[in-house]
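For reference, the structure is listed below as structure tokens.
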Amino acid sequence: MKKTAIFITALFAVSSVQAENQGNSEQGERLYKRSCATCHGKQAEKRALGESAVIKQLKADEIITALQAHKDGKIEGAGNNAKARLSEQDMKDIAAFIQNLK
Ligand code: HEC
């Protein structure tokens, strides 16, 4: 009985670490709808302000790299306020959500 509990705890720990690495799509959806959809479209299907790429077409790592570059101020644009607030985990979560839209 005890062994089973330990096993289940370990399994849970491993799966939550994996979820963290891959990004949590549900969490990403919440963030995306609140801070990104107005410019990039509900389905990430718009070119924000007619300027950006259609971010739905980007790969997860391309999205994360772009968000980090904006946060670091290496790329500046109209959406930088929204991007500056994101943690690394937020970026992964949002990228996971956008991948799920495909
Ligand atoms: C005020 C409008 C606005 C908001 C809000 C906004 N963006 Fe952007 N975003 C833009 C614009 C304009 C660009 C293109 C110029 C630039 O690179 O900054 C862009 C560029 C990007 C790019 C790079 C795509 C490319 O063209 O290379 C990504 C990825 C991105 N945004 C994701 C997001 C995410 C995720 C959020 C929410 C946290 C967000 N944006 C919020 C306007 C916005």
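The values are calculated or read from the model by the stated rules, or taken from the named source; none is laboratory data. In this text, all values refer to a predicted model and were calculated from it rather than measured experimentally. Here the Cβ is made from the backbone with ideal geometry for all residues, glycine too, and neighbour counts use every protein chain on show. With ligands, DNA and RNA removed, areas are computed over all heavy atoms of the protein, side chains included. Shrake-Rupley method; radii C 1.70, N 1.55, O 1.52, S 1.80 Å.
So here's what we get for this one:
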read-out	value
Residue count, the range 67-76 (criterion: near the ligand (Cβ under 8 Å from one of its atoms), surrounded by 13 or more Cβ atoms within 10 Å (Cβ to Cβ) and more than 11 Å from the chain's Cα centre (by Cα))	2
Output for the range 91-102, where each listed residue is open to solvent by less than 20 Å² (accessible area, probe 1.4 Å) and of a type outside the set (Val, Ile, Thr)	MET91, ASP93, ALA95, ALA96, PHE97
Residues within the range 51-66 that are within 8 Å of the ligand (Cβ to nearest atom) and farther than 17 Å from SER25 by Cα, tallied	4
Scan of the range 79-90 for residues that are in contact (Cβ under 8 Å) with a residue 60 or more places away in the chain and either closer than 17 Å to SER52 by Cβ or open to solvent by less than 50 Å² (accessible area, probe 1.4 Å) (or both), ordered by number	ASP90
Inter-residue pairs, beta-carbon under 6 Å, first under 16 Å from LEU67 (Cα atoms) and in the range 40-53, second open to solvent by 50 Å² or more (accessible area, probe 1.4 Å), 6+ apart	HIS40/LYS46; ALA44/LYS56; ALA48/CYS39
Tally, over the range 80-102, of residues that are part of a helix (DSSP H, G or I), closer than 20 Å to ARG30 by Cβ and more than 6 Å from the ligand (Cβ to nearest atom)	14
Selection within the range 21-38 - buried (at least 17 other Cβ atoms within 10 Å of the Cβ) and within 10 Å of the ligand (Cβ to nearest atom)	GLY28, LEU31, TYR32, SER35, CYS36
